[in-house]
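The values are calculated or read from the model by the stated rules, or taken from the named source; none is laboratory data. Since this is a predicted model, take the numbers as computed values, not measurements. Note: areas computed on protein heavy atoms with side chains; ligands, DNA, RNA excluded. Shrake-Rupley method; radii C 1.70, N 1.55, O 1.52, S 1.80 Å.
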Amino acid sequence: MVIDKVRKEKFMEDNYNKFYIPKNVSTRFEIVKGIGIKELIHTGIATVIGIIIAMLINGITNNFLLSMGIIAVFGGGTFVLNIKDNNNQSVISMIRAIIRFYSIQKYYRYRVSSSIDMTKLFSEDTFIEFYTAETK
């Protein structure tokens with residue numbers, strides 16, 4: 001009985017200031033699920049850049065449909081790539097993480113044991129013995 005009381009007091013001390021956020025509850029304001037103010041600003045900036053490029057292309061080629069397509073690709077593409085999923089990650093953030101992972105230097109720690117003779121391990125005789133033993 002005394003042990004249970006001590007365990008309960010220890011549990012209460014450890015968990016007194018902890019609180020848990022349920023899954024799929026956003027901690028920031030979102031207009032639509034996965035789209036907040038930050039994503040809308042990114043989409044707006046990309047759309048403005050698309051409009052500028054479309055105006056230049058429309059001035060050169062005089063093709064209105066191509067210009068509207070460029071605006072749609074810039075605006076819609078940025079909107080789709082910025083939508084966050086339930087894990088609060090977007091396609092752009094995943095691509096950034098992949099690029100960062102492949103660009104950092106990796107460390108592969110290894111230890112050479114003195115009990116293994118590395119010269120015998122990679123000698124040609126070992127390979128020939130292994131090869132001939134396997135073909136029999």
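The heavy atoms of Ser103 present about 90 square angstrom of accessible area, all protein chains included, probe 1.4 Å. Put Glu9, Glu30, Glu39 in order of accessible area, highest first, and with a 1.4 Å probe you get Glu9, Glu30, Glu39. Rounded to the nearest Hz, the phi-derived 3J(HN,Hα) couplings of the range 33-45 under the Karplus curve 6.51 cos²θ - 1.76 cosθ + 1.60 (θ = phi - 60°) are 4, x, 10, x, 5, 4, 5, 5, 5, 4, 5, x, 5, where x marks glycine and proline. Sorting Lys38, Lys84 by solvent-accessible area of protein heavy atoms yields Lys38, Lys84, largest first, with a 1.4 Å probe.
Heavy atoms only, probe 1.4 angstrom, no DNA, RNA or ligands counted: give me Ile92, Ile49 ranked by accessible area, highest first. Kindly include the intermediate steps, with their values, before the conclusion.
Details: Ile92 45, Ile49 80 Å².
The ranking, largest first, comes out as Ile49, Ile92.
Compared with the direct C-alpha span, the chain from Phe64 to Ser93 gains 7.1 nm at full extension, assuming 0.36 nm per residue.
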